[in-house]
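Asker: Just passing along the structure, written as structure tokens.
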Amino acid sequence: MPAPIEDYGLIGDATTVALISLGGSIDWLCLPRFDADACFAKLLGNDQNGYWAMRPAAPVRSIERHYRQDTLILESEITTDKGRARVIDFMPPGETEHDIIRIVEGIEGEVPMHVDLKARFGYGAHIPWIKVDGMRATLTSGPSALLFNSPVPIEPDWDVARLEANFTVRAGERLPFTLTFYPSHERPSHDVIDAGKELQRTERYWQNWATRCPYQGRFRDAVVRSLLTLKALTYEPTGGIVAAPTTSLPEELGGVRNWDYRYCWLRDATLTLDALMRSGYIDEATAWRDWLMRAVAGAPAQLQIMYGVAGEHRLEEIELPWLPGYEDSRPVRIGNGAYDQFQLDVYGEVLNTLYDAHVYGVPDLADTWRPILAIVDFVEQAWQRKDEGIWEVRGEGHRHFTHSKLMAWVAVDRAVRMIEEFGVQGHHRVETRLPRWRALREQIRSNLLQRGYNERIGAFTQSYGSEALDASVLLIPHMGFLPADDPRMLSTVAAIEKGLTWDGLVLRYSSETGVDGLPGHEATFLICSFWLADNYAMVGRLDEAEALLERLVSLSSDLGLLAEEYHPERHRQLGNFPQAFSHIGLVNTAHLIEAKRAGREIVYPATAQLH
């Protein structure tokens, strides 16, 4: 059975990641990239679906683990009746191959250890062909292969297609085990890895990257860990950032709310860019902006809400019936059927990203005005359409979502402001549209204020004509539509505090509304609580903002990682893990509170010119 979600640690090489349980088992690994088939899928099933365990063969007294400072090198110190040992897990970044290195170090006494490797390709479905030669083995299935190098003899169990090794590590000894992925029709580019050299190189890589973060406030460790996690979720060859490296970790244990998050969402673009740029990572922000422009190239009417890590369009959703699901949460899905939904908000997210990039000084791409023109022209004729909204509701979910109208306004507003603030030369078609765009901006604004705010309950609601609350309206001040101290926003915050919180944490919406058309109930949605903290900070409720941020940080795992949701009664993290959106929220909220404490202007570029 897999471990609790929050008990997993993350290692990665900026193209894919592995999840390692507190007990030392790699239970999730997709190769050669985030959205490829998993060769270890115990996370969504059981031992039959693949894992790589490294554990003592003696009673364990305690396990303490941490990341080596400001890196993705995971160290687990294990105390047994016979001594102490340390397991060092990491994936060297920046190589053409994908290597997982596990070094066992003796600290004290003599610790008997057991290695157990059971690869199952195709998300736990396909048993590999195994060849063993002393302390080396290959595992092959279709197009994929793994090379396993061991410092001790390998003991194959042919009946169950498993590799084992037993050894004793003594104080001062260091024994490296390596696993290398390569295309099965080729040979691996290296047969032997210098684990010590790769450890030093990996440590330098992450520490040098982390030192670029200027934030030195109270939550420095949590901010840097979140930024490292975002970097780990980056597909470095293209700059795309996945929402999470997992699929089908449930939003409700035993329920059906299980989705594949190994793709790149456009709505994450603005907050991702803010988090990276505010933290000094111009290169990564530029790469993300460039990925975005390649992904959305073409006709605006064909704009998708998400793409593959290289900009792929087709993300067909299928179910994997042979996997029982995390804690029996079925079905297990790969692909995401929401990719072809119409969601009006993505147009605002794209143009807000381009505007913010300008503000932060990201170098312009050539001819960016042609797609901007096309997007605003499309919004002009489509903004009054119903859509499926930020939360990707399925079934009969089409309606006039307030957040969607907000982002339609953002799309037009940012285009206007780019002309007014940065100027346009030689683009006659752009300049002649300016009066029309200004009028369109005011038309959308008036429509939202009239129909999105419900006077009876004193709040901006989920959709026009509804009384249901929705946390997405907390983004209204972030987007510069209204200041946070506008009476309508103050009363909206109060309504959300009263009607959309659970033990002080924010739900994204009430499942009782039936908006998502799914059975069951969600837990609290972590980024929504960060948005609430932001609203506190924007109006000077700094002690409350900091207290909420402190609580959210305390919900992180022992390694500083956050999933998508948190269940206050079960004290469990839920949903895909780790979740980029949650870590983006942490970074942005910490920066905002620090800026307000120091008396600086709010750091959201979008709020620079409130209407």
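Asker: Please verify whether ARG61 is more than 19 Å from the chain's Cα centre (by Cα), at pLDDT 95 or above and over 25 Å from ARG162 (Cβ atoms), treating the condition exactly as stated.
Answerer: Here the answer is yes, as ARG61 does meet what is asked.
Asker: Which of the residues spanning segment 253-270 are over 21 Å from ASP35 (Cβ atoms) and at pLDDT 85 or above?
Answerer: Correct list: LEU253, GLY254, GLY255, VAL256.
Asker: A follow-up question, please. Is it the case, given these coordinates, that ARG441 is over 30 Å from the mean Cα position of the chain (by Cα), surrounded by 22 or more Cβ atoms within 10 Å (Cβ to Cβ) and not in a loop (DSSP other than H, G, I, E, B)?
Answerer: Considered against the rule, which asks whether it is over 30 Å from the mean Cα position of the chain (by Cα), surrounded by 22 or more Cβ atoms within 10 Å (Cβ to Cβ) and not in a loop (DSSP other than H, G, I, E, B), ARG441 comes out as yes.
Asker: Can you tell me how many residues within segment 302-335 are part of a loop (DSSP other than H, G, I, E, B) and over 16 Å from LEU44 (Cβ atoms)?
Answerer: Number satisfying all stated conditions: 12.
Asker: Looking only at segment 506-547, filter to residues that are modelled with pLDDT under 95 and outside any loop (DSSP other than H, G, I, E, B); which one of those is least open to solvent (accessible area, probe 1.4 Å)?
Answerer: Checking each candidate, the answer is TYR509.
Asker: So which residues in segment 190-215 are part of a loop (DSSP other than H, G, I, E, B) and under 27 Å from PRO143 (Cβ atoms)?
Answerer: HIS190, ASP191, VAL192, ILE193
Here's the yes/no breakdown for (1) more than 27 Å from THR286 (Cα to Cα); (2) over 25 Å from the mean Cα position of the chain (by Cα); (3) at pLDDT below 95:
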position	(1), (2), (3)
ILE318	yes, no, no
SER329	yes, no, no
LEU354	no, no, yes
PRO371	no, yes, yes
TRP383	yes, yes, no
LYS386	yes, yes, yes
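Asker: Examine segment 26-36 for a residue that is of a type in the set (Phe, Trp, Tyr) and farther than 17 Å from TYR123 by Cα, and state whether such a residue exists.
Answerer: The answer is no, given that none of the residues of segment 26-36 is of a type in the set (Phe, Trp, Tyr) and farther than 17 Å from TYR123 by Cα.
Asker: Taking the condition open to solvent by less than 20 Å² (accessible area, probe 1.4 Å) and over 23 Å from the mean Cα position of the chain (by Cα), does ALA53 pass?
Answerer: yes
The rows are residues; the columns are (1) under 20 Å from ILE11 (Cα atoms); (2) part of a strand (DSSP E or B); (3) modelled with pLDDT of 95 or more.
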| site | (1), (2), (3) |
| --- | --- |
| GLU105 | yes, yes, yes |
| MET113 | no, yes, yes |
| ALA137 | no, yes, yes |
| GLU164 | no, yes, yes |
| PRO188 | no, no, no |
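Asker: Keeping to segment 474-505, report how many residues are outside any loop (DSSP other than H, G, I, E, B) and either acidic (Asp, Glu) or in contact with a Cys (Cβ under 9 Å, 6 or more places away or on another chain) (or both).
Answerer: 4
Asker: For segment 92-106, enumerate the residues that are within 24 Å of ILE78 (Cβ to Cβ) and touching a Ser or Thr at 6+ places or on another chain (Cβ under 9 Å).
Answerer: Selection gives PRO92, ASP99, ILE100, ILE101, ARG102, GLY106.
Asker: Return yes or no: is LEU320 free of Cβ contacts under 8 Å to residues at least 60 places away in the same chain, of a type in the set (A, V, I, L, M), touching a strand residue (DSSP E or B) at 6+ places or on another chain (Cβ under 8 Å) and over 20 Å from THR270 (Cα atoms)?
Answerer: Taking the combined requirement at face value, the residue does not satisfy it.
Asker: Please work out which residue is surrounded by the most Cβ atoms within 10 Å (Cβ to Cβ), limiting yourself to segment 27-45 and to residues that are in contact with a Phe, Trp or Tyr (Cβ under 6 Å, 6 or more places away or on another chain) and acidic (Asp, Glu).
Answerer: The extreme case among them is ASP27.
Asker: I would also like to ask the following. Go through segment 85-101 and give me each residue that's over 25 Å from the mean Cα position of the chain (by Cα) and within 27 Å of TYR235 (Cα to Cα).
Answerer: Within segment 85-101, just VAL87 meets the criteria.
Asker: Follow-up question, since we're still on this one. Sort out which residues of segment 218-256 are out of contact with any helix residue (DSSP H, G or I) (no Cβ under 9 Å at 6 or more places or on another chain) and surrounded by 22 or more Cβ atoms within 10 Å (Cβ to Cβ), and write them in order of number.
Answerer: Matches in segment 218-256: ALA232, GLU251.
Asker: Can you tell me which residue within segment 166-186, out of those that are assigned to a loop (DSSP other than H, G, I, E, B) and touching a residue at least 60 places away in the same chain (Cβ under 8 Å), is surrounded by the most Cβ atoms within 10 Å (Cβ to Cβ)?
Answerer: GLU173
Asker: While we're here: Would you check which residues across segment 13-26 are hydrophobic (A, V, I, L, M, F, W, C) and either in a loop (DSSP other than H, G, I, E, B) or surrounded by fewer than 22 Cβ atoms within 10 Å (Cβ to Cβ) (or both) and list them?
Answerer: ALA14, LEU22, listed by residue number.
Asker: Determine the pairs where a residue that is over 12 Å from VAL412 (Cβ atoms), located within segment 370-391, has a partner that is among the acidic types (Asp, Glu) and open to solvent by less than 40 Å² (accessible area, probe 1.4 Å) with Cβ atoms under 9 Å apart, the partner being 6 or more residues away or on another chain.
Answerer: If the second residue must be among the acidic types (Asp, Glu) and open to solvent by less than 40 Å² (accessible area, probe 1.4 Å), the pairs left are ASP387/ASP345; GLY389/ASP345; GLY389/ASP470; ILE390/ASP345; ILE390/ASP470; TRP391/ASP470; TRP391/ASP516.
Asker: Right, here's the next one. For residues in segment 66-84 being surrounded by 19 or more Cβ atoms within 10 Å (Cβ to Cβ) and under 32 Å from the mean Cα position of the chain (by Cα), which is farthest from ASN208 (Cα to Cα)?
Answerer: ILE78
The values are calculated or read from the model by the stated rules, or taken from the named source; none is laboratory data. Computed from a prediction, not measured in an experiment: that's the story for all the values here. Please note: Cβ atoms are built from the backbone with ideal geometry, for glycine as well, and neighbour counts cover all protein chains shown. Ligands, DNA and RNA are stripped out before the accessible areas are found, and what is left, the full protein with its side chains, is counted by its heavy atoms. Shrake-Rupley method; radii C 1.70, N 1.55, O 1.52, S 1.80 Å.
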